[in-house]
Structures are given as structure tokens and as C-alpha cells.
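Working notes for the structure below.
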Amino acid sequence: MISRGGKLSVAVLPYEEASKLCDGVLPDYIPKGSTPRIVKLGNNPGCPCGGTHVSVISEIISMKVSQIRTKKAMTKVFYTVGS
């Protein structure tokens, strides 16, 4: 269950540090030694950025997280963004 008002954090981290935030596992498509961007919502494990980018954060009018799934140490976040 997602609690309202959960803290959102985003950081570009060294591979090993990013892996720790993501329950010790990053997807195979993220090269070792890289610096992935990790998004963390509330107390859920972090997950690599899904690739949706804006020029400035003020372009995002609203964001609703519809689902967070963790399966086999892989976390997926589903959301909609209003701009």
C-alpha cells in the first residue's frame, strides 16, 4: 500500500550505492560501473529511473503513483504525470 505524502528522492549514484538502494539488485541493462539515476518513493526499495524526463521540475503539474510491484528483487513503479 502506498501512503499519501511519502517522501520522494532522486539521485544519480555510483553503481554499487545504487544497487544497495534497490535491494541489492539492478536490472541487467544497467552496466556495471555506471552511475544510474535512482528514484525512491517512501519506504519502498529504490528503482532505476524509467526514462521520463522534463526540462524543469515545474513542468510536472501532478504525479500519481498507481502501483508499486516487487517481484524477484525487481521493483516496478507505475505512474501518470500531468503537465
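Can you run down the residue pairs with Cβ atoms below 8 Å, 6 or more apart or on separate chains, where the first is in segment 71-83 and farther than 21 Å from TYR29 by Cα and open to solvent by 70 Å² or more (accessible area, probe 1.4 Å) and the partner is at pLDDT 80 or above and of a type outside the set (Phe, Trp, Tyr)?
TYR79/MET63; TYR79/LYS64; TYR79/VAL65; TYR79/SER66; THR80/MET63; THR80/LYS64; THR80/SER66; SER83/ILE61
Run THR75 past the list (1) part of a loop (DSSP other than H, G, I, E, B); (2) polar (S, T, N, Q); (3) at pLDDT below 85 and report the number of the one that doesn't hold.
Exception for THR75: condition (1).
Regarding GLY42, is this residue at positive phi and either open to solvent by 70 Å² or more (accessible area, probe 1.4 Å) or touching a helix residue (DSSP H, G or I) at 6+ places or on another chain (Cβ under 8 Å) (or both)?
no
Being of a type in the set (Gly, Ala, Ser) and either surrounded by 10 or more Cβ atoms within 10 Å (Cβ to Cβ) or modelled with pLDDT of 85 or more (or both): is that true of GLY51 here?
no
The values are calculated or read from the model by the stated rules, or taken from the named source; none is laboratory data. From a predicted model like this one, the values you see are computed outputs, not experimental measurements. Counting neighbours? That spans all protein chains shown, and the Cβs are built from the backbone with ideal geometry, glycine included. Calculation scope for accessible area: heavy atoms of the full protein, side chains included, ligands and nucleic acids excluded. Shrake-Rupley method; radii C 1.70, N 1.55, O 1.52, S 1.80 Å.
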